[in-house]
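Student: Sharing a structure below in C-alpha cells format, with a few things to ask.
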Amino acid sequence: MTESTPEPRVTHERIDHILKITIDNPTKKNAFIPEMMAQLSDALTLLDREDDLWVGVLCAAGDHFTAGLDMPKFFGPGATAKPTPAGNIDPFGLLSQAKKPIVTAVQGICFTIGIELALAGDIVIAADDSRFCQMEAKRGIAPLGGAHFRYLTRAGWGNAMYHLFLCDEFGAAQAHRIGLVQEVVPAGTQIDRAMEIARIIAANAPLGIQVTKQAGRTFIEHGEQAAIAAVATVRERVMTSADAAEGIRSFVERRPAVFQGR
C-alpha cells in the first residue's frame, strides 16, 4: 500500500516575534495551486495585522523554492483561482503590502512567480544551488506579479531588461551580483540563515523598522519630495514611542534594549 501524496499547502508557524511561512508542495517542485496562494495571502495578512509579530520569513520545503504556478488551475477552463479577498495582503504586494519586514529564503528552482514573491519582500537569502528564470515571454505572456518594475528597482534597467528579454536561466552568483539576492549561502542552510537575520531584525525596535520600510516605499512610489515630506510623520511616530524611551534608557544603562513595539 502506497502512501498518499500530501496535500499542497502553505503553512505558518509563530516563533517568538517571527512568523515562519512555508510553501509545502515539494512533490510538484512547490508549484502553486490557487488554494496555496490564498493560504499565503492569509499568512501575510496575519503577519501584517498581529502586533506581536514583527518579522516574516518566507521559505519552502524540499529541494526547490517554486517552479511557478500550476497554470491550468489558474488560467485553464476549470480554473479555480479567486481574487485576493478585500482587506487581505496581496502575496505579490501589488494591491497591498505587509508593513512588517519579510526575509525570503530560496533554493533550487526559483522561476517566474518565485522571483516575484521574493522581490515582494525585503531581503532574499539564496542557496548556492538556486536557479532563477523569468520565462513568461517564452510562453507568450509577460510577468504579471511585479517583476516588470521590481527587477528595475533591485537590479537597474540594463540588468533587468537583459534577463526579462532573454528569459534565461541564471544562478545564485549572478542574482547576487545584480542585487536580486542579498546573500548566497550553502544549500541547506538558507532557511537557518533567513531565521537568523529575522531574529537580528526582531531585536531592533519594531516601530522603527516598520516606519523605515514605509518611508522607503514612499520614496519608491512617490519620489524624493514625498519621502522628505514624510520625515515629520516618521519622527513623531518613533520619537514619542515607549521603544524610543527604552532605547535611550538602555544606552545610558549600558544594556541591550528590550522593545515592545509601542
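Student: Helix 190-202 versus the longest principal axis of the chain: what angle, 0 to 90°, nearest 10, using Cα atoms?
Tutor: 20 degrees
Student: Roughly speaking, what % of Cα-Cα pairs in the stretch 137-262 are separated by over 16 Å, rounded to a whole number?
Tutor: Tail of the P(r) past 16 Å holds 75 percent of the pairs.
Student: Most mobile of Ala232, Ala105, Ala194 per a Gaussian network model of the chain (Cα springs, under 10 Å)?
Tutor: Maximum fluctuation in the GNM of the chain, among the listed residues, is at Ala232.
Student: Right, something else. Would you compute the Debye intensity of the chain from its alpha-carbon atoms alone, equal scatterers and no solvent, and pass along log10 I(q)/I(0) at q = 0.07, 0.08, 0.10, 0.12 Å⁻¹ to two decimals?
Tutor: Normalising to I(0) and taking log10 leaves -0.26, -0.34, -0.53, -0.75.
Student: Quick one: which residues, 5 or more positions from Val185 or on another chain, have an amide H under 5 Å from its amide H? H modelled 1.01 Å from N in the peptide plane, none for Pro or chain starts.
Tutor: Hits under the 5 Å cutoff: Ala126, Ala127, Asp128.
Student: For Phe219 paired with Leu152, estimate the spin-label separation in nm (one decimal), with each label point 7 Å from Cα along the Cα-to-Cβ line.
Tutor: Label at Phe219, label at Leu152, 1.8 nm between them.
Student: What is the set of long-range amide H partners of Ile15 at a cut-off below 5 Å, with H atoms built 1.01 Å from backbone N?
Tutor: Lys20
Student: What number comes out for accessible area per residue over the stretch 64-221 if the probe is 1.4 Å? Units Å², please.
Tutor: Result: 45 Å² of accessible area for each residue.
Student: Plugging the Kirkwood radius over Cα pairs into Stokes-Einstein for the stretch 83-160, at a temperature of 37 °C and a viscosity of 0.692 mPa s, what D comes out in µm²/s?
Tutor: Answer from the Stokes-Einstein relation: 246 µm²/s.
Student: Right, here's the next one. Using the Cα atoms as the points, what is the convex hull volume per residue of the stretch 47-128 in Å³?
Tutor: Convex hull of Cα atoms, per residue: 110 Å³.
Student: Moving to a separate point now. Calculate the spin-label point distance for Glu35 paired with Glu50, positioning each point 7 Å from the Cα along the beta-carbon direction, and give it in nanometres.
Tutor: 2.2 nm
Student: Same structure again: Give the angle, between 0 and 90 degrees and rounded to the nearest 10, that separates the Cα long axis of helix 157-166 from the longest principal axis of the Cα atoms of the chain.
Tutor: 20 degrees
Student: So, with a 1.4 angstrom probe, what is the percent of accessible area on the stretch 142-207 that is carbon and sulfur?
Tutor: Answer for the stretch 142-207 is 61 percent, counting heavy atoms of protein chains only.
Student: Ok, one more. Of the residues Gly121, Gly223, Gly156, which exhibits the maximal mean-square fluctuation in a Gaussian network model of the chain defined by a 10 Å Cα contact cut-off?
Tutor: Maximum among the listed residues: Gly223.
Student: Where the accessible area of the stretch 15-105 is counted over protein heavy atoms with a 1.4 Å probe, how much of it, in %, is carbon and sulfur?
Tutor: Ligands and nucleic acids excluded, carbon and sulfur reach 56 percent.
Student: If contacts are Cα pairs under 8 angstrom and at least 6 residues apart, what is the relative contact order of the stretch 140-196 in percent?
Tutor: Taking the mean separation of contacting Cα pairs over the length of the stretch 140-196, I get 26 percent.
Student: Separate question: For Lys28, what is the net charge nearby, where nearby means another residue's Cβ is under 14 Å from its Cβ and Lys, Arg count +1, Asp, Glu -1?
Tutor: -2
Student: Could you work out how far the C-alpha centroid of the stretch 1-74 sits from that of the stretch 126-173, in angstrom?
Tutor: Value for the Cα centre distance between the two parts: 22 Å.
Student: Follow-up. Percent relative contact order of the chain, based on C-alpha pairs within less than 8 angstrom and at least six residues apart?
Tutor: 15 percent
Student: Tell me the relative contact order for the stretch 138-262 as a rounded percent, counting alpha carbon contacts under 8 Å between residues six or more apart.
Tutor: Reported as a whole number, the value is 18 percent.
Student: Just to check, using Stokes-Einstein with a Kirkwood Rh over alpha carbon pairs, what's the diffusion coefficient of the stretch 211-262 at 10 °C and 1.306 mPa s in µm²/s?
Tutor: Translational diffusion coefficient: 130 µm²/s.
Student: Ok, one more. Using only Cα atoms, tell me the angle between helix 206-222 and the longest principal axis of the chain; keep it within 0 to 90° and round to the nearest 10.
Tutor: That works out to roughly 60 degrees.
Student: Additional query: Please identify, among Ile115, Ile220, Ile123, the residue showing maximal mean-square fluctuation in a Gaussian network model of the chain using a 10 angstrom Cα cutoff.
Tutor: Comparing Ile115, Ile220, Ile123 in the GNM, the peak value goes to Ile220.
Student: Now a separate question. Given bins 5 angstrom wide, list per bin the percent of all Cα-Cα distances in the stretch 114-210, short to long.
Tutor: Distribution as computed: 2, 12, 22, 23, 16, 12, 7, 3, 1, 0 percent.
The values are calculated or read from the model by the stated rules, or taken from the named source; none is laboratory data. Values in this document were obtained by computation on a predicted structure and should not be read as measured data. As a convention, Cβ positions derive from the backbone with ideal geometry for all residues, glycine included, and neighbour counts pool all protein chains shown. Heavy atoms of the whole protein, side chains included, go into the accessibility calculation; ligands, DNA and RNA do not. Shrake-Rupley method; radii C 1.70, N 1.55, O 1.52, S 1.80 Å.
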